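The structure appears below as C-alpha cells.
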C-alpha cells in the first residue's frame, strides 16, 4: 500500500512534532518558574504523543515493518523532514515562546483542516491533536502578548525573537508539493499558510509587536535541508538507543 | 526568578453537581496564566471539569491565635449539632 506522498507527509509532520518536543525537553528546569517548566513539559509530551501516532502510521504506509522507534532513532539529520523553525535553539524565554507561537499557529490550522481528511486514521488523530494544540497556542499566544505588551525589556526581547525567527516562517507555513494529497482529500486544505499569517499578524498587533519587513527567507526544511542545529539535537535524542540497540526497560 | 510571580489558590470542581474544592496553589503572572498552570498541575488526569483561581493575597484568613475565641465555644453547644436526625440513604454529600 506504499504511497510515497503520504509517507513523506507523515514523516514531515511527525518530525516537526518530535524535533520541537526534544527542544522543549531542554527547557525543563530552565523556565522562569516551576509552573512554566510543567507547562513546557506537558506540551513536549503532547507533541511526542502526536509524533508516535504519525510514525506508527508511517510504518504501516511504508510497509517495510518499521515501527515508530525506527523513524525517531534510526534516521540521520538529512532524512528528517521538519521545518527548520523547530530545530532552532531555545535562546532566552522570548525565543522559546515566539518559536512555539509560530509553530502552534501553524499546527492548529493544520490539525483543524486535517479533521476533514479523507484518511480516517489522520482524521481521528487530528480530532485529538487539535484540542491539544489549541491549548498550546493559548499558552504561547498569551505569552507573546504578555511579553510584547509588558515591560520595555520584555518587549525588546520579544521583538528580537520575532526578528530572528521570522526568516523560518515561509518554510513553516508553505508546503508546495502535496498537490496529489490535496486532490485526493487526504490533506484537504492547501491554505494553511494564509490562515497562519492571519493568526500571527493579529497576535502581534495585540502584543504591540512589529511584523518584520521582508527578509531573506530560509527554506527547505520539509525537504531535508537543515541548519547546523539539528544534528547535535538528534545525537542527544538517539545516543542511548544507538549505544544499546534493542534495549528494553 | 523563583518567587517573583504572585501566588494563586486553585479550586477544582471534580464533577458536575459538587462544589469546587481547594486543590493547592500555583505561581503565575496573571489569572489566565494561573488557570493554565492549574490545569497542567491538577487536572491532567481527569480530576476536574471546572477550575477557579483566586489571588492568594485576596484571601482573608482567620488567625490561628484566634482559634480559642472563634471555634471552641461551639464545642459545648450540643443543640447545634444535627445528631438526632437519621439521614435517608439517598442523601449524598452531607
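Within the stretch B:44-63, can one find any residue that is facing chain A (nearest Cβ under 10 Å), under 16 Å from residue B:15 (Cα atoms), modelled with pLDDT under 95 and surrounded by 10 or more Cβ atoms within 10 Å (Cβ to Cβ)?
Looking for residues that are facing chain A (nearest Cβ under 10 Å), under 16 Å from residue B:15 (Cα atoms), modelled with pLDDT under 95 and surrounded by 10 or more Cβ atoms within 10 Å (Cβ to Cβ), one finds at least one in the stretch B:44-63, hence yes.
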- Item | Given (1) within 11 Å of chain A (Cβ to nearest Cβ); (2) within 18 Å of the chain's Cα centre (by Cα); (3) not in a helix (DSSP H, G or I), number of the condition residue B:17 does not satisfy | (1)
- Item | Candidate set: the stretch B:27-38, residues that are assigned to a helix (DSSP H, G or I) and within 7 Å of chain A (Cβ to nearest Cβ); chosen: the one surrounded by the fewest Cβ atoms within 10 Å (Cβ to Cβ) | B:32
- Does any residue of the stretch A:159-171 turn out to be exposed (fewer than 14 other Cβ atoms within 10 Å of the Cβ) and either touching a residue at least 24 places away in the same chain (Cβ under 8 Å) or over 19 Å from residue A:105 (Cβ atoms) (or both)? no
- Task: From (1) at positive phi; (2) surrounded by 10 or more Cβ atoms within 10 Å (Cβ to Cβ); (3) more than 12 Å from chain A (Cβ to nearest Cβ), pick out the condition that doesn't hold for residue B:24.
- Result: (3)
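Of the residues A:96, A:121, which is surrounded by 24 or more Cβ atoms within 10 Å (Cβ to Cβ) and at pLDDT 95 or above? So that I can check it myself, show each step before the final result.
Details: A:121 fails: surrounded by 24 or more Cβ atoms within 10 Å (Cβ to Cβ).
One residue alone meets the criteria, A:96.
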- Query: Could you count how many residues in the stretch A:188-202 are crowded, with 16+ Cβ neighbours inside 10 Å and over 19 Å from residue A:176 (Cα atoms)?
  - Reply: 2
- Note on the structure: By my count, helices (runs of 4 or more DSSP H) wholly in the stretch A:1-100 with at least 2 residues that are within 14 Å of another protein chain (Cβ to nearest Cβ) are A:34-62
- Task: Give the stretch A:197-237 a look and list any residue that's free of Cβ contacts under 8 Å to residues at least 60 places away in the same chain and over 20 Å from the mean Cα position of the chain (by Cα), or say none.
- Result: A:202, A:205, A:210, A:211, A:212, A:213, A:214, A:215, A:216
- What do you reckon, is residue A:107 crowded, with 17+ Cβ neighbours inside 10 Å and assigned to a helix (DSSP H, G or I)? yes
- Determine which member of the set B:67, B:72 is surrounded by 10 or more Cβ atoms within 10 Å (Cβ to Cβ) and more than 30 Å from residue A:150 (Cα to Cα). B:67
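The values are calculated or read from the model by the stated rules, or taken from the named source; none is laboratory data. For clarity, every value in this text was computed on a predicted model and none was experimentally measured. Every residue, glycine among them, receives a Cβ derived from its backbone with ideal geometry; neighbour counts consider all protein chains shown.
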